[in-house]
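J.: Dropping the structure in here first, questions after.
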């Protein structure tokens, strides 16, 4: 009987493994992320994983086992774990819903812009906008906190553009005393 199985691939090898197995007439499902922005390239939704629909009792292991870029079949105690067709259908339905919703909200910020946090415990603090994270609603900012520049992830709705520029505050450094390997620097 045919079941869905999860394949574990090497990093960035999902498309190569999928193409190779499809040439061998094995049914493959590689879920892809809907683009967050216009013109963004699609990427695997589950990096390093894809799904194979086959009957392992009929299809010999050599047909898929030695595929370039494939690490193996996900198994527990050496037994491959079959997935229900309902799980695959749920993934397909949720990805279709995400696709129908379209790209995430467009924000007016560019990397390097000075922003002010409007809500939460960091309210009224200034930061430097870095860019979006994987979620369409979250973005990353750099802020000086306790004398260090820290990367913080916040909701894009909690930011507003701020005038001016944030200066990074760095702790004072001690002057170097050696050139390395114990060779002293002479100060005359």
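J.: Examine the range 80-95 for a residue that is assigned by TED's automatic domain parsing to the domain that holds residue 8, under 20 Å from residue 13 (Cα atoms) and touching a residue at least 40 places away in the same chain (Cβ under 8 Å), and state whether such a residue exists.
T.: Looking through the range 80-95, none of the residues is assigned by TED's automatic domain parsing to the domain that holds residue 8, under 20 Å from residue 13 (Cα atoms) and touching a residue at least 40 places away in the same chain (Cβ under 8 Å).
J.: Continuing with this model, one more query. Search the range 108-127 for residues being in contact with a strand residue (DSSP E or B) (Cβ under 9 Å, 6 or more places away or on another chain), within 13 Å of residue 154 (Cα to Cα) and in a loop (DSSP other than H, G, I, E, B), and hand back the single one that is modelled with the highest pLDDT.
T.: The qualifying residue modelled with the highest pLDDT is 118.
J.: Follow-up. Among the strands (runs of 3 or more DSSP E) lying completely within the range 2-91, list those that include at least 2 residues that are out of contact with any helix residue (DSSP H, G or I) (no Cβ under 7 Å at 6 or more places or on another chain). Walk me through it before giving the result.
T.: Details: elements: 3-9, 27-29, 49-54, 70-73.
Counting at least 2 such residues, we get 3-9, 49-54, 70-73.
J.: Now a separate question. Would you say residue 159 is modelled with pLDDT of 75 or more, under 24 Å from the mean Cα position of the chain (by Cα) and under 30 Å from residue 6 (Cα atoms)?
T.: no
J.: Which condition does residue 181 not pass, out of (1) exposed (fewer than 12 other Cβ atoms within 10 Å of the Cβ); (2) at pLDDT 70 or above; (3) within 29 Å of residue 34 (Cβ to Cβ), if it passes all the others?
T.: (3)
The values are calculated or read from the model by the stated rules, or taken from the named source; none is laboratory data. All values derive from a computational prediction rather than experimental measurement. Note: ideal-geometry Cβ built from the backbone for every residue, glycine included; neighbour counts use all protein chains shown.
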